[in-house]
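Report on one structure; see the data block that follows.
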Amino acid sequence: MSEILRAFHAERGSRLSDGCASTLGMDQLSVSLALEGPTTETLWTTGETSTSFEDLQFTLGEGPGLDALRTGRAVLEHDVSAVAAGRWPVLLPALAGLPIQAVFCLPLALGGITVGVLTALRSIPGPMTGQQMNDAMALAAALALRYLGGDGEQFDTRAGGRLDGELHHAVVHQATGMLSVQLGLPPGKALLRLRAHAYGHDRPILDVAEDVVARRLRLNRDSPDEPNASEETRG
Amino acid sequence: MTSMSREQQVSEVFVQVADSLIDDFDLIEFLEQLSVHCVTLLDVSAVGILLASENDRLHTVAASDETTQVLELFVIQHDQGPCLDSYRDGAARTNIDLNDPSVTHAWPAFAERARMSGFRTSHVFPLRLRDRAVGAMNLFHTGSQPLTAPDASLAQALADIATIALLQQRDLGQEQREKAQLQHALTSRITIEQAKGILAERWNTNPDLAFDALRAYARTHQLRISDLAREIVDQTLDTAHIPRP
């Protein structure tokens with residue numbers, strides 16, 4: 001797991017190297033982000049097969065990635081030939097020409113906030129090992145934090161790492177929900193505003209979240225501590 | 001529920017488990033009910049069920065008391081406390097005296113928080129899966145009477161039930177599917193907290209009362225709390241339909 005996260009954090013661009021795919025025991029990986037409504041946009045793929053796979057899902061409007069996005073649950077089909085024909089009636093026949101015998105789609109999610117899907121493909125059927133699954137989930141969690149704001153906007157993952165430590169507190173998620181209503185923002189953006197406010201005032205996110213839930217603090221719709229502004233001042 | 005005999009309560013828990021293995025059931029609701037049953041059956045004050053994430057940290061999935069104060073007591077065991085010890089070595093720990101420094105020195109912050117909440121004794125039982133644990137069940141008592149051996153056996157059985165419910169779809173017996181199910185339980189828990197916040201803000205109330213209303217609405221309409229919470233967070237459900245507390 002540490003290996004894949006090091007590889008992920010070392011990449012300052014939006015791509016991951018092929019090394020990530022082999023660490024997960026896969027041939028290819030791709031990441032798609034949710035856009036407005038039910039549409040997705042492929043952010044990156046590691047090769048032709050995963051590009052074709054994403055294109056097919058997008059064109060046909062069905063597939064495991066879209067299911068993962070809609071339900072927020074992982075779709076793990078480690079033997080594509082055993083999938084019932086009615087599951088994805090148009091997609092499955094279209095896959096016949098591609099070297100795909102195992103498909104794993106993990107939502108990039110934080111609670112009810114789903115920002116995209118990590119898709120892993122293999123030409124040989126078979127389940128992931130426990131370690132591979134742990135690695136894939138860790139990668140999906142890191143990607144979810146990076147793209148939390150939605151619309152494909154990318155945020156500082158080092159700061160995201162700091163955020164990760166706060167996310168086991170119920171109050172942070174409660175504050176996120178409250179702020180999303182106060183600010184009229186999607187919850188992902190509301191969490192980023194919470195984080196920006198905490199960093200801007202040099203306070204732990206947990207403390208700020210407790211203030212929000214106790215109604216000692218309200219954030220304004222037009223506040224100077226926008227996530228981007230805050231990150232710019234932090235270099 | 002208090003009028004029910006102990007045997008009736010044990011029976012009810014097992015009937016619920018049987019249902020859960022057949023139906024498309026509400027995991028979080030089930031675990032919360034299991035926690036409440038533990039409180040009555042074992043005569044303790046509070047019970048929490050914690051689940052490990054892929055990086056071996058513990059997260060609360062359900063508690064007998066949903067108030068934020070009690071939830072925080074379990075949260076603090078994210079990185080220290082007897083639950084983490086029990087998760088790591090798979091062994092139960094009973095009759096932990098929270099006022100005994102020779103016992104609590106390994107996790108002072110946890111012990112202090114528990115004492116602040118008025119608890120004197122704690123017990124921990126692992127959620128066992130084959131040769132390892134996937135989480136822990138944590139019991140607290142405001143008094144200091146010891147847990148008897150039969151009670152400890154029942155507590156471990158109840159913890160095992162939690163594990164069975166968590167991993168009910170073990171048809172393929174695969175680790176990847178088990179991990180996905182555990183992950184989804186953790187995700188659901190976060191979704192519920194987000195939904196509590198949304199409702200609390202809309203209704204100008206607090207998250208604890210918002211949860212009560214959320215749970216009541218889910219029960220009335222036979223929805224899973226986690227599904228309902230997800231619809232609230234992704235705004236596919238108009239929250240005006242949910243009666244205010």
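The values are calculated or read from the model by the stated rules, or taken from the named source; none is laboratory data. No experiment lies behind these values; they were computed from the predicted model shown. For neighbour counting, all protein chains shown are included, and Cβ atoms are generated from backbone atoms with ideal geometry for every residue, glycine included.
Looking only at region A:51-98, residues that are more than 14 Å from chain B (Cβ to nearest Cβ) and of a type in the set (D, E, K, R) come to 4 in all.
Scanning region A:41-68 for residues that are on the phi < 0 side of the Ramachandran plot and surrounded by 23 or more Cβ atoms within 10 Å (Cβ to Cβ) returns A:Thr46, A:Ser50, A:Phe53, A:Glu54, A:Gln57, A:Pro64, A:Gly65, A:Leu66, A:Ala68. Filtering A:Ser32, A:Ser14 for residues that are closer than 20 Å to A:Leu145 by Cα, crowded, with 20+ Cβ neighbours inside 10 Å and either more than 14 Å from every other protein chain (Cβ to nearest Cβ) or modelled with pLDDT of 90 or more (or both) leaves a single hit, A:Ser32. Of the listed requirements (1) modelled with pLDDT under 90; (2) over 9 Å from the mean Cα position of the chain (by Cα); (3) surrounded by 24 or more Cβ atoms within 10 Å (Cβ to Cβ), B:Thr60 misses just one: (2). Only one entry in A:Val103, A:Val75, A:Val80, A:Val117 is surrounded by fewer than 21 Cβ atoms within 10 Å (Cβ to Cβ), among the aliphatic types (A, V, I, L, M) and modelled with pLDDT of 90 or more, namely A:Val80. Among the criteria (1) within 11 Å of chain B (Cβ to nearest Cβ); (2) at pLDDT 90 or above; (3) in a helix (DSSP H, G or I), the one A:Asp211 does not fulfil is (1).
Residues that are more than 7 Å from every other protein chain (Cβ to nearest Cβ), of a type outside the set (Lys, Arg) and in contact with a strand residue (DSSP E or B) (Cβ under 9 Å, 6 or more places away or on another chain) within region B:177-208 comprise B:Glu178, B:Leu182, B:Ala185, B:Leu186, B:Ser188, listed in sequence order. For region B:69-90, the tally of residues that are more than 11 Å from the chain's Cα centre (by Cα), of a type outside the set (A, V, I, L, M) and surrounded by 22 or more Cβ atoms within 10 Å (Cβ to Cβ) stands at 6.
Mind checking which residues of region A:165-206 are away from chain B (no Cβ under 13 Å) and of a type in the set (Asp, Glu)? If the condition is that a residue be away from chain B (no Cβ under 13 Å) and of a type in the set (Asp, Glu), then A:Asp202 is the only one that fits.
Among the residues making up region B:91-123, those that are within 20 Å of B:Arg57 (Cβ to Cβ), surrounded by fewer than 16 Cβ atoms within 10 Å (Cβ to Cβ) and in contact (Cβ under 8 Å) with a residue 12 or more places away in the chain are B:Ala91, B:Ala106, B:Ala109. Is region B:43-63 home to any residue that is hydroxyl-bearing (Ser, Thr, Tyr) and away from chain A (no Cβ under 14 Å)? Scanning region B:43-63, I find at least one residue that is hydroxyl-bearing (Ser, Thr, Tyr) and away from chain A (no Cβ under 14 Å), so the answer is yes. Across region B:186-195, a minimum of one residue is classified as of a type in the set (Asp, Glu), at pLDDT 90 or above, in the same structural domain as B:Gln235 (by TED's automatic domain parsing) and more than 20 Å from B:Cys38 (Cβ to Cβ). Among the residues of this structure, B:Ala157 does not count as one that is at pLDDT 90 or above, more than 18 Å from B:Ser45 (Cα to Cα) and more than 18 Å from the chain's Cα centre (by Cα).
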